1. Within the range 189-211, work out how many residues are touching a helix residue (DSSP H, G or I) at 6+ places or on another chain (Cβ under 8 Å) and more than 28 Å from I113 (Cβ to Cβ).
2. Would you mind stating whether E161 is open to solvent by 60 Å² or more (accessible area, probe 1.4 Å), in contact (Cβ under 8 Å) with a residue 24 or more places away in the chain, out of contact with any Leu (no Cβ under 9 Å at 6 or more places or on another chain) and of a type outside the set (F, W, Y)?
3. Being within 28 Å of L103 (Cβ to Cβ), in a helix (DSSP H, G or I), open to solvent by 50 Å² or more (accessible area, probe 1.4 Å) and in contact (Cβ under 8 Å) with a residue 12 or more places away in the chain is the filter here; which residues of the range 182-208 pass it?
4. Could you list, in sequence order, the residues of the range 209-218 that are assigned to a helix (DSSP H, G or I) and open to solvent by 10 Å² or more (accessible area, probe 1.4 Å)?
5. Of the residues in the range 53-76, how many are part of a loop (DSSP other than H, G, I, E, B) and crowded, with 17+ Cβ neighbours inside 10 Å?
6. Filter the range 77-93 for residues that are touching a residue at least 24 places away in the same chain (Cβ under 8 Å), of a type in the set (S, T, N, Q) and open to solvent by less than 60 Å² (accessible area, probe 1.4 Å) and give the result.
7. Could you tell me which of the residues I112, I127 is among the hydrophobic types (A, V, I, L, M, F, W, C), modelled with pLDDT under 90, surrounded by 18 or more Cβ atoms within 10 Å (Cβ to Cβ) and out of contact with any strand residue (DSSP E or B) (no Cβ under 6 Å at 6 or more places or on another chain)?
8. Out of the range 225-244, which residues are open to solvent by 50 Å² or more (accessible area, probe 1.4 Å) and either in contact (Cβ under 8 Å) with a residue 24 or more places away in the chain or in contact with a helix residue (DSSP H, G or I) (Cβ under 9 Å, 6 or more places away or on another chain) (or both)?
Amino acid sequence: MENASKALIIAGGVLISIIVISAFVLGMGAVADFQESRSNAEVEQQTLEFNNLYESYNRKNIRGNDIISLMNRVVDYNARKTADGYTEMQVSFTISDDIRKKLTFDNTNRLIIEPTGVYTEENIDDIVGAPTSITGDSSGGKIRNLENKYGQKYCNQLASEISNIQDIADEGMSTSEIDDYFATNYKFPKKVSQYGGINQVLKDAKLYYEYVQFKRTYFNCTGTEYDNDTGRLIRMEFVCTGIGV
């Protein structure tokens, strides 16, 4: 009888141990499921926030300056996030030859010059340009260089006064006369001769004029693609439809 009692006690202890272990395992499983669910929710929220950031460009009639901002954003994202295992994002736009020519002052493109008419985020320096320290181009040429050279305010003035600057260059005025004219009428911080002379200023004005015109163009988003694994937006395509006002 005593042995039977001990056996029951042992069996009861084993049963209790099994119940405790089972409860522990179930509890750990519930915790793991909760943590996984929370992690998945955080990833989904991050994906939603990321896509919303770029989906704002997924529409018609966005401007050229928006395209430039988008390209710069994508370049920055690719540089930072692909190291974390995310797929590189791609953005491209197509601009026809007839629209491309309308961007110019004299029918010669100096900025939007890709012969295929197709630009990707890798071409952003073709549009905005790298600083002089990278290109070694001391004569201006790229937009960032021009804005460093003149200041953005005066770059915009060059573009708006380009017809008059062309006339001044054609009139054959002396260097001192040109310097006096610009100092009186345009209030430039330096003399024209210090910017490389009237022909260089005219060249820079034509380049910045094309940039200003490009920022006024309209684009339609024509295609998007999402990563099958992450759900993130990884490709956007645009087509230029014309120049606005």
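1. 3
2. Here the answer is yes, as E161 does meet what is asked.
3. Matches in the range 182-208: N199, K203.
4. Passing the criteria: Y209, Y211, V212, Q213, K215.
5. 1
6. N78, S92
7. I127
8. Those that are open to solvent by 50 Å² or more (accessible area, probe 1.4 Å) and either in contact (Cβ under 8 Å) with a residue 24 or more places away in the chain or in contact with a helix residue (DSSP H, G or I) (Cβ under 9 Å, 6 or more places away or on another chain) (or both): Y226, T230, R235, E237, V239, T241, I243.
The values are calculated or read from the model by the stated rules, or taken from the named source; none is laboratory data. Quantities reported herein were computed from a predicted structural model and do not represent experimental measurements. Using ideal geometry, Cβ is built from the backbone for each residue, glycine included, and neighbour counts are taken over all protein chains shown. Keep in mind that these areas ignore ligands, DNA and RNA; they rest on the heavy atoms of the full protein, side chains included. Shrake-Rupley method; radii C 1.70, N 1.55, O 1.52, S 1.80 Å.
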